[in-house]
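Peer 1: Sharing a structure, written as structure tokens. Questions coming.
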Amino acid sequence: KRNVKLRLLEAFAESDQEFVSGQKISEVLGCSRTAVWKHIETLRKEGYEVEAVRRMGYRLIKKPEALSAAEIQSSLSTSFMGQAVHYEKSVPSTQKIAHQLAGEGASEGTIVIADEQTEGRGRLSRVWHSPVNTGIWMSCILKPKIPLSQTPQLTLLTAVAIVQAIEETTGILPSIKWPNDILINGKKAVGILTELQAEADSVHSVIIGMGINVNQEARDFPDALKTIATSLKLEAGNDISRTSLIQAILYNLEQLYTAYLSAGFHPVKLLWESYAVSLGREIKARTLQGTIYGKALGINDEGVLLLQTADGTVEKIYSADIEL
Ligand code: BT5
């Protein structure tokens, strides 16, 4: 199952930017020294820069800008999340493909990822700007045995997993705005879109879409987003490895999701609350039924937002856009 390219990349990863001898590589791959050279050439064609020095061997100098399934799966420490990766250079929307794969029986933890989306979407068919090679545009297929009413919890769970991964990978501590935004310094860096394949009483698949702005420069954002959006690079001041971040997200997502299935939502809720920005504040919630003003009290055990209006009543908000 583990292909040649994956094992080659792992050998380079283990060498920590030092030379790996041709002898070592031929042992790892189980092939001749001549075949090693051919495999290196294949890597080079895909945009990897590999230095070759006589008697020293090979050294990986630079990885390509584009993502690759092999790279994501090399040193991925999960048991099911991301164990199947469907990668494409450019797609209309990773959500669409994930829906299709889920319908065809894709296994839980399958991810769909692209370097570019030409028709990336948010909630209510809004546009999600997804320029090439800069962000993480990924959809993940889950198959939880939970009632329909609990599926919004998965959006919150995913937000926690992403916040933790961003913190581990970049040192930045983002905050979460209910239900599906992750903000850094008040600007949106991540959006989450949770969609279902379900019947009245049972959930078949949950497709969780994540859009994460990673290496965009300010000029990469269209005018409409310039003041409201940011990227991890803009906040951290340096390039961030998309592959490392994806691996951290998949790992954290698997940990949280597994804990959630066995212990319920409560532990996730506590984590979520520790990262949330809106709690205790006066906010404006625009719902499809109208706009409600009130104080955000918190979320209940279903993941529903509780809003206390001026007359003291507590409204349950199932879906809305929040203004702080
Ligand atoms: C979201 O919707 O925030 C969910 C975004 C989900 C995107 C992922 S990418 C992988 C997967 N495939 C898809 O096609 N989608 C998912 P919503 O809360 O409705 O916010 C949408 C609004 O965010 C837009 O109307 C813009 O104002 C803003 N926006 C669009 N692109 C953005 C970006 N790259 N960064 C920050 N804000 C953006």
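Peer 1: Would you mind giving the three semi-axes, in whole Å and largest first, of the ellipsoid equivalent to segment 1-137 according to its Cα gyration tensor? Don't skip to the end; give the middle numbers.
Peer 2: On the way: eigenvalues 231, 57, 25 Å².
Calculated on Cα positions only, the semi-axes equal 34, 17, 11 Å.
Peer 1: Follow-up. Considering all projection directions equally, how large on average is the shadow of the alpha-carbon convex hull of segment 223-322, in square nanometres? Present the calculation step by step, with values, prior to reporting the outcome.
Peer 2: Numbers: hull surface 36.0 nm².
Orientation-averaged projected area of the Cα hull: 9.0 nm².
Peer 1: Then there's this: Quick one: putting +1 on the C-beta of Lys and Arg, -1 on the C-beta of Asp and Glu, what dipole do you get for segment 282-323 around its Cα centre, in Debye to the nearest 20?
Peer 2: Working: 4 positive and 7 negative charges, 17 e Å.
Value, rounded to 20: 80 debye.
Peer 1: Mind listing the phi-derived Karplus ³J(HN,Hα) values for segment 16-23, rounded to whole Hz, using 6.51, -1.76 and 1.60 with θ = phi - 60°, and x for any glycine or proline?
Peer 2: These are the phi-based 3J(HN,Hα) values: 6, 6, 8, 5, 10, 5, x, 4 Hz.
Peer 1: Give me the dipole magnitude in Debye, nearest 20, for segment 186-279 about the Cα centre, with unit charges on the beta carbon: positive for Lys and Arg, negative for Asp and Glu.
Peer 2: 320
Peer 1: Going from the alpha-carbon gyration tensor of segment 4-62, what semi-axes, largest first and in whole Å, does one get by taking the root of 5 times each eigenvalue?
Peer 2: On the way: eigenvalues 39, 33, 26 Å².
One finds semi-axes of 14, 13, 11 Å for segment 4-62.
Peer 1: Something else now. Work from the charge dipole of the chain (Cβ charges, +1 for Lys and Arg, -1 for Asp and Glu, about the Cα centre) and give the residue of Ser79, Thr309, Leu288 farthest towards its positive end.
Peer 2: Towards the positive end, the residue furthest out is Ser79.
Peer 1: I need the shape label for segment 103-214. Rule: rounded when a/c is under 1.5, else prolate if a/b > b/c, else oblate, with a, b, c from the alpha carbon gyration tensor. Show your work: numbers first, answer last.
Peer 2: On the way: a/c = 1.81, a/b = 1.43, b/c = 1.26.
Prolate, because a/c is 1.5 or more and a/b exceeds b/c.
Peer 1: For the chain, what relative contact order do you get, as a whole percent, if you take Cα pairs closer than 8 Å and at least 6 residues apart?
Peer 2: 13
Peer 1: Next question. Sum up the charges of everything whose Cβ sits under 12 Å from the Cβ of Val20, counting Lys and Arg as +1 and Asp and Glu as -1, but leave Val20 out.
Peer 2: Working: positive: Arg7, Lys24, Arg59; negative: Glu10, Glu14, Asp16, Glu18, Glu27, Glu51.
Here the charged neighbours net out to -3.
Peer 1: Follow-up question, since we're still on this one. What is the order of Leu193, Leu173, Leu307, fewest Cβ neighbours within 10 Å to most? Provide the component values of the computation, followed by the final result.
Peer 2: Details: Leu193 21, Leu173 11, Leu307 24.
So the ranking, lowest neighbour count to highest, is Leu173, Leu193, Leu307.
Peer 1: Count the net charge of all other residues whose Cβ sits under 15 Å from the Cβ of Ala114, scoring Lys and Arg as +1 and Asp and Glu as -1.
Peer 2: Values: positive: Lys89, Lys96, Arg121, Arg242; negative: Glu65, Glu71, Glu88, Asp115, Glu116, Glu119.
With Lys, Arg at +1 and Asp, Glu at -1, the net is -2.
Peer 1: I'd like the Kirkwood hydrodynamic radius of segment 263-324, using the inverse of the mean 1/r over distinct C-alpha pairs, in Å. Numbers along the way, then the final one.
Peer 2: Details: mean 1/r = 0.0835 Å⁻¹.
One decimal place: 12.0 Å for the Kirkwood radius.
Peer 1: Residues with beta-carbon under 9 Å from that of Lys188, excluding Lys188: net charge, scoring Lys, Arg +1 and Asp, Glu -1? Could the numbers behind the result be given before it?
Peer 2: Details: positive: Lys177, Lys187; negative: Asp181.
Taking every Cβ under 9 Å from that of Lys188, the sum is +1.
Peer 1: Let me ask something else about it. Can you tell which of Leu101, Gly135, Ser125 lies farthest toward the positive end of the dipole of segment 65-212, using +1 and -1 charges on the Cβ of basic and acidic side chains (Lys, Arg; Asp, Glu)?
Peer 2: The residue sitting most towards the positive pole is Ser125.
Peer 1: I would also like to ask the following. In the chain, what is the volume of the convex hull around the alpha carbon atoms, normalised per residue and reported in Å³?
Peer 2: Details: hull volume 46.3 nm³, N = 324.
In the chain, the Cα convex hull volume per residue is 143 Å³.
Peer 1: Any number yet on Rg/Rh for segment 173-282, C-alpha, Kirkwood? Present the calculation step by step, with values, prior to reporting the outcome.
Peer 2: Working: Rg = 16.0 Å, Rh = 15.9 Å.
With Rg and the Kirkwood Rh in hand, the quotient comes to 1.00.
Peer 1: Within segment 222-324, which trypsin sites (Lys or Arg not before Pro) sit in a loop by DSSP and count at most 13 neighbouring Cβ atoms inside 10 Å? Numbers along the way, then the final one.
Peer 2: Working: sites: Lys226, Lys233, Arg242, Lys269, Arg281, Lys284, Arg286, Lys295, Lys316; in loops: Arg281.
In loop regions of segment 222-324 (DSSP not H, G, I, E or B), the sparsely surrounded trypsin sites (Lys or Arg not before Pro) are Arg281.
Read the figures in this text as sums done on the coordinates, not as results from a lab. Since the structure is predicted, the reported quantities are computational estimates derived from the model, not experimental observations. Ideal geometry is used to build each Cβ from the backbone, glycine not excepted, and the neighbour counts take in all protein chains shown.
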